[in-house]
Amino acid sequence: MNWSDLLAAFALYLVLEGILPFLNPQAMKRIMASFSQLADRQLRLCGLISMSAGIALLYFVRS
């Protein structure tokens, strides 16, 4: 892996993160408000699941 791959992945991440606020800012506000109501443990579990899914997807794409 070289730096251009990492920067391309980061750029794609930024594009994907920006889709919901661009298309529907009110929904984004509601989602963020609901996240603020979750317990820390639930947020950590969601983060762990997201990271695990990303690692698994990256493994299958790169192999």
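Just so you know, all these numbers are worked out from the coordinates, no wet-lab data involved. Just so it is clear, the structure is predicted and the values come from calculations on it, not from any experiment.
If each residue of separation counts as 0.36 nm, what is the full-extension length gain between MET28 and PHE60 once their alpha-carbon separation is subtracted? Please report the intermediate quantities before stating the final value.
On the way: separation 32, 0.36 × 32 = 11.52 nm, distance 3.02 nm.
Between MET28 and PHE60, full extension yields an extra 8.5 nm.
So for the chain, considering every pair of alpha-carbon atoms, how many percent are separated by more than 15 Å?
Summing the P(r) tail past 15 Å for the chain gives 70 percent.
Could you state the angle between the C-alpha long axis of helix 40-62 and the longest principal axis of the C-alpha atoms of the chain, as a value from 0 to 90 degrees rounded to the nearest 10?
Approximately 30 degrees, to the nearest 10.
Could you tell me how many degrees, from 0 to 90 and to the nearest 10, lie between the Cα long axis of helix 25-37 and the main elongation axis, the longest principal axis, of the Cα atoms of the chain?
Long axis of 25-37 versus the principal axis of the chain: about 80 degrees.
Enter the angle in degrees (range 0 to 90, nearest 10) between the Cα long axis of helix 3-23 and the first principal axis of the Cα atoms of the chain, meaning the one along which they spread out most.
The angle comes out near 30 degrees.
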